[in-house]
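Comments concern the structure below.
Rule-based calculations on the coordinates, nothing more; no lab input. Worth saying up front: this structure is predicted, and the values here are computed from it rather than measured. Using ideal geometry, Cβ is built from the backbone for each residue, glycine included, and neighbour counts are taken over all protein chains shown.
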Amino acid sequence: MKLQQLRYIWEVAHHDLNVSATAQSLFTSQPGISKQIRLLEDELGVEIFARSGKHLTHITPVGNLIIQVAGDILRQVESIKQVAQEYSNEKKGSLAIATTHTQARYALPKIIGAFRKDYPDVTMHMNQGTPNQIAELAATGEVDFAIATEGLDLFNDLVMMPCYRWHRAIVVPKDHPLTKVKRLSLAEIAAQPIVTYVFGFTGRSMLDEAFVSEGLKPNVVFTATDTDVIKTYVRLGMGVGIIAAMALDPVQDTDLVALDASHLFRPSVTHIGFRRGTFLRRYMYDFIERFAPHLDRYKVDEAVACSTRLEREKLFADTELPVR
């Protein structure tokens, strides 16, 4: 059994069983990958992939278990490399993050900019997606950190820590009638066509809960995962936007007005997390603390030591989170 063979079955499984695409991503040949997978199956005495002719059709039950263990082994190998690099050059490496568009566009630029000045030899990778996609990327070890607000039940296998609270704002064109209302009510918002996030995305669940609790049915006419797309359709007059308050750019969005909605919806909490067993480089600890100053190395290690999500929630129960 070779480490290369384990990498091949892992990559094929994560390229939708497309051996050709796997070969391209690994800069090797398709026949070479197929041969090594067959050799591994022959050695183990089981089929990892079911086939129809030359094509892989699905992963067998035993194959699923083998691929899961292979993933654990490959992550441990990566951790060994991280440990070695930490002692050979503590300021050189890579950092991959999975998050939503709003975090990537509005919460992270200043932090990443300052981080890069101190760590110019750390290559950074940003992946944007839905909570499901973010959780999957972090759980499989394809990214180091997940930053998310919604769908925390998807992240049970990760060490998730609260970073900050954020509020929503009602975004309208400057001449919109709601700009003349001193204190908005949910009923006034429900009477308007609404442009907002896709359900289960960037705090959307909190929004829906607020309307339901008041016995109101919001008239959601357009949804998107991208805050900038939402603002575009507000400009087109499709409806009033409900977005994260931090997502109104004072320079680029001068044609829009953000109306306070902090009294209408409960604040949401953004979390940062990583897969249990991840070897955290010094610059990784530093990045976490820059993103959430209360998460110093000591606090992060305390969170790692918690055996359950409930324990971690108790650990941070008295933490006064900043508001953005």
### Antiparallel bridges, percent of DSSP beta bridges restricted to segment 49-158 (to nearest 5)
30 percent
### Distance in nm between pseudo-label sites at Ala191 and Leu321 (7 Å out along the Cβ direction from Cα)
3.3 nm
#### Entry: Percent of beta bridges antiparallel (DSSP, the chain, rounded to nearest 5)
55 percent
## Note on the structure
Taking a ≥ b ≥ c as the square roots of the eigenvalues of the Cα gyration tensor, with a/c under 1.5 meaning rounded and otherwise prolate when a/b exceeds b/c and oblate if not, segment 35-98 is prolate
#### Entry: Stokes-Einstein diffusion coefficient of segment 127-226, Kirkwood radius over Cα pairs, 4 °C, 1.567 mPa s, in µm²/s
83 µm²/s
### Modelled FRET efficiency - R0 51 Å, Asp253 with Asp157, Cβ distances, 0.05 increments
0.85
### Query
In degrees between 0 and 90, to the nearest 10, how far off the longest principal axis of the chain does helix 204-213 point, with axes built from Cα atoms?
50 degrees
## Note on the structure
Classified through the alpha carbon gyration tensor (a ≥ b ≥ c as square roots of its eigenvalues; rounded if a/c is under 1.5, else prolate when a/b is larger than b/c, else oblate), segment 40-150 comes out oblate
### Query
Does anyone have the angle between helix 30-44 and the longest principal axis of the chain? Alpha-carbon axes, 0 to 90°, nearest 10?
70 degrees
### Query
Based on the mean of other beta carbon atoms within 10 Å per residue, what is the order of 208-219, 283-294, 141-152, most packed first?
141-152, 283-294, 208-219
#### Entry: Net dipole in debye of the chain [+1 Lys, Arg Cβ; -1 Asp, Glu Cβ; about Cα centre; nearest 20]
480 debye
### Task
Calculate, in nm to one decimal, what Glu214 and Val269 gain on full extension: separation in residues at 0.36 nm each, minus their alpha carbon distance.
17.6 nm
### Task
Express the relative contact order of the chain as a whole percentage, based on alpha carbon pairs under 8 Å and six or more residues apart in sequence.
19 percent
### Query
So what's the Cα pair-distance distribution over segment 276-324, bin width 5 Å, in %?
5, 19, 28, 25, 18, 5, 0
### Summary
Row for segment 167-324, column shape: gyration tensor on C-alpha, a ≥ b ≥ c, rounded if a/c < 1.5 i.e. under 1.5, prolate if a/b over b/c, else oblate; value prolate
### Task
Please go through the residue pairs Lys92/Lys314; Lys182/Lys217; Lys110/Lys231; Lys110/Lys299; Lys231/Lys299; Lys217/Lys314 and name each one whose alpha carbons sit more than 26 Å apart in this structure.
Lys92/Lys314; Lys231/Lys299; Lys217/Lys314
### Query
With axes computed from alpha carbons, what is the tilt in degrees of helix 282-291 against the longest principal axis of the chain, rounded to the nearest 10 within 0 to 90?
20 degrees
### Neighbour net charge for Gly113 - beta-carbon separation under 15 angstrom, K R +1, D E -1
+3
### Message
Need one number: nm distance between label points at Ser20 and Lys54, each 7 Å from Cα along Cα→Cβ, rounded to one decimal.
### Response
1.0 nm
### Task
Set the Förster distance to 41 Å, then compute FRET efficiency between Glu311 and Phe222 from the Cβ-Cβ distance, nearest 0.05.
0.50
### Task
For segment 237-324, state the average projected area of the convex hull of the C-alpha atoms over all orientations, rounded to one decimal in nm².
8.6 nm²
## Note on the structure
Among trypsin sites (Lys or Arg not before Pro) in segment 204-281, those in a DSSP loop whose Cβ has at most 12 other Cβ atoms within 10 Å are Arg276
